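Working notes, beginning with the structure itself.
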Amino acid sequence: MLKYLAALVLLTPSTLSAAPLFGGSDYRLVEVQEFSLEHLQYEALRDPYFPDHSQTDWTHRVNVDFKLGLFRYFYFDSEIFMAMDRSPQVRSAGLEYTMGLEIFPWLDFTKYHMSRHTLEESRPGKFPVADAYGFKIHFIK
């Protein structure tokens, strides 16, 4: 699923206008607002999922970030992350995203999700996860 979404983002123009459908250029069907690949080299990392790894065993982290604007008032801001050790093998991966709906220029309703998984062993229901709903007030935007 993720590879199809990545291909769609890369092959789609940065903005698909929906002006003929909605009668104005302010309405965007899809706008790729950000797409990036980030590589980090750890100085140190302690991970309780891998107690047999010392802090110096962890080497790299890769993040794929993208932010999509849908129509004019909805956005999806996502990060997919992977951590690697000296093997070199990806040991854990996760997803973090925030979806938002702009109600007023100064107020958004949001939904947040974060989950992280080990790729070496099965731990049913024992991986870190966070889900939350809320709002964001913009003082400067």
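Conditions (1) exposed (fewer than 11 other Cβ atoms within 10 Å of the Cβ); (2) touching a Cys at 6+ places or on another chain (Cβ under 8 Å); (3) touching a residue at least 40 places away in the same chain (Cβ under 8 Å), marked per residue:
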position: F76; (1), (2), (3): no, no, no
position: E79; (1), (2), (3): no, no, no
position: P88; (1), (2), (3): yes, no, no
position: T110; (1), (2), (3): no, no, no
position: T118; (1), (2), (3): no, no, yes
position: P128; (1), (2), (3): no, no, no
position: A132; (1), (2), (3): yes, no, no
position: F139; (1), (2), (3): yes, no, no
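The criterion of at least 1 residues that are at pLDDT 75 or above and within 20 Å of E96 (Cβ to Cβ) is met, among strands (runs of 3 or more DSSP E) falling completely within the range 1-70, by 28-41, 58-70.
The combined condition, being surrounded by fewer than 13 Cβ atoms within 10 Å (Cβ to Cβ), free of Cβ contacts under 8 Å to residues at least 60 places away in the same chain and under 30 Å from P48 (Cβ atoms), is not fulfilled by L95. Quick check: is even one residue across the range 103-111 closer than 18 Å to F135 by Cα, among the β-branched types (V, I, T) and touching a Lys or Arg at 6+ places or on another chain (Cβ under 6 Å)? Looking through the range 103-111, at least one residue is closer than 18 Å to F135 by Cα, among the β-branched types (V, I, T) and touching a Lys or Arg at 6+ places or on another chain (Cβ under 6 Å).
What number of residues within the range 83-141 satisfy the criterion of being in a loop (DSSP other than H, G, I, E, B) and either within 30 Å of T59 (Cα to Cα) or touching a strand residue (DSSP E or B) at 6+ places or on another chain (Cβ under 9 Å) (or both)? Within the range 83-141, residues that are in a loop (DSSP other than H, G, I, E, B) and either within 30 Å of T59 (Cα to Cα) or touching a strand residue (DSSP E or B) at 6+ places or on another chain (Cβ under 9 Å) (or both) number 16.
The values are calculated or read from the model by the stated rules, or taken from the named source; none is laboratory data. Just so it is clear, the structure is predicted and the values come from calculations on it, not from any experiment. Because the Cβ atoms are built from the backbone with ideal geometry, glycine has one as well, and the counts that use them run over all protein chains shown.
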